[in-house]
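The next block holds one structure in the form of structure tokens; read it before the comments.
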Amino acid sequence: MLDTLQRQLNKALFAQEERRAWLLIDAMHRDVRDCLRGAEISDDDIHLVALARDDIPEERSPHLVAIDARTVERLRASLAAALNEQGDPDAEKAHGFAVGGWLVSATPVHVLARHLSLCMKPRLADVGRKYFRWADRRVLEWMWPALEDKEKSALLGPIEQWWTLDRCGALIEHRAPTISPDHLPWQLSAATWRHGQDCELVQALLRGWQYFHPQLPADYLERARQAVRAVRTLGLVEPAEIVLVATYVLQVHPCLCEHPLLRQAVHAAETQSRPLIEVLADIPDPDGWNRMRDELNQAVVATA
């Protein structure tokens, strides 16, 4: 897989000499060089994406690392690091993802770094300026489908291509529509911000899913989104409870939240002031869950 990914990125990143390729690193929990073990990197090839925040020192801020056809060992090391970090849910929970992706741009690096810095510090109505971790590739993956065309163009700005690695080990290209951004610095609409607030919850759900299904289906992100949306119809608001029930949805049936037995369990937890995880544990495993799955499947067939 590593060789195939490297060939794909080599072709995409180094096709035109006038463009430069950059590796974006989220150094919040890992040093830049620690992410690229075995690759030689000079200080001149590492560029800070300055955040100007007192709570995030420069060494923990995002960085851009130059990559080109002569430094393919950096590309290979970054791909290996990306595969490794997303293959261990426990390590991901503790450290997140450091390899933010591979960027192609014809603009000078100081312009690129400033653009990314502005995008990572959006001003939100009634909230103020926040740090938005676009350097963590999970954030871009979650946010991209929810962005309007003008938001995608404003986000990418001088970036012609932004490649990331998804949880199935596939390279995903993000390219801006042919629309000029109508405003910079980057702004987030209220709807986009609300969507972003679910990112951490969805990532927790995906990690849990990987424990019992290490090879996720290609549509894992959409299925996770639908599971969270279904669970919210039960009136649950605590993230841990949403993730718990959504995990059952992914394991048992997409319509699990419509089954009377599950709805009764949620109601019992509320009225009896019992932890939801204990109430769900009272459902016989696997017989009770299998029965609900069979009944939901029969209901689908009956209404088809």
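If you go through segment 99-153 and keep only what is within 20 Å of Leu171 (Cβ to Cβ) and hydroxyl-bearing (Ser, Thr, Tyr), you end up with just Ser105. When every residue of segment 232-240 is checked against the conditions, none turns out to be in a helix (DSSP H, G or I) and crowded, with 17+ Cβ neighbours inside 10 Å. Taking every residue in segment 48-71 that is touching a residue at least 60 places away in the same chain (Cβ under 8 Å) and on the phi < 0 side of the Ramachandran plot and pairing it with any residue that is surrounded by fewer than 18 Cβ atoms within 10 Å (Cβ to Cβ) and among the aromatic types (Phe, Trp, Tyr), at least 6 positions away or on another chain, the pairs with Cβ-Cβ distances below 8 Å are Leu51/Tyr131; Arg53/Tyr131; Ile56/Tyr131. For segment 1-53, name all the residues that are in contact with a strand residue (DSSP E or B) (Cβ under 7 Å, 6 or more places away or on another chain) and not hydrophobic (A, V, I, L, M, F, W, C). Listed by number, the residues that qualify are Gln8, Arg19, Arg20, Asp26, Asp45, His47.
Among the conditions (1) at positive phi; (2) touching a Lys or Arg at 6+ places or on another chain (Cβ under 7 Å), Tyr220 misses just one, which is (1).
Scanning segment 128-155 for residues that are assigned to a helix (DSSP H, G or I) and aliphatic (A, V, I, L, M) returns Val139, Leu140, Met143, Ala146, Ala154, Leu155. Residues of segment 177-186 include none that is surrounded by fewer than 19 Cβ atoms within 10 Å (Cβ to Cβ) and outside any loop (DSSP other than H, G, I, E, B). Among the candidates Ala246, Ala269, the residue that is without any contact (Cβ under 8 Å) to a residue 12 or more places away in the chain, surrounded by 18 or more Cβ atoms within 10 Å (Cβ to Cβ) and not assigned by TED's automatic domain parsing to the domain that holds Asp136 is uniquely Ala269. Go through the residues of segment 263-281 one by one and say whether even a single one is in contact with a Lys or Arg (Cβ under 9 Å, 6 or more places away or on another chain) and assigned to a helix (DSSP H, G or I). Among the residues of segment 263-281, at least one is in contact with a Lys or Arg (Cβ under 9 Å, 6 or more places away or on another chain) and assigned to a helix (DSSP H, G or I), which makes the answer yes.
Just one of the numbered conditions (1) part of a loop (DSSP other than H, G, I, E, B); (2) farther than 21 Å from Leu118 by Cα is not true of Gly208: (1).
For Leu2, the conditions (1) surrounded by fewer than 13 Cβ atoms within 10 Å (Cβ to Cβ); (2) more than 23 Å from Glu173 (Cβ to Cβ) are fulfilled apart from (2). Inspection of segment 250-265 identifies at least one residue that is surrounded by 14 or more Cβ atoms within 10 Å (Cβ to Cβ), closer than 20 Å to Cys168 by Cα and within 31 Å of the chain's Cα centre (by Cα).
The values are calculated or read from the model by the stated rules, or taken from the named source; none is laboratory data. None of these values were measured; they are calculated from a predicted model. Glycine also receives a Cβ, built like all others from the backbone with ideal geometry; neighbour counts cover every protein chain displayed.
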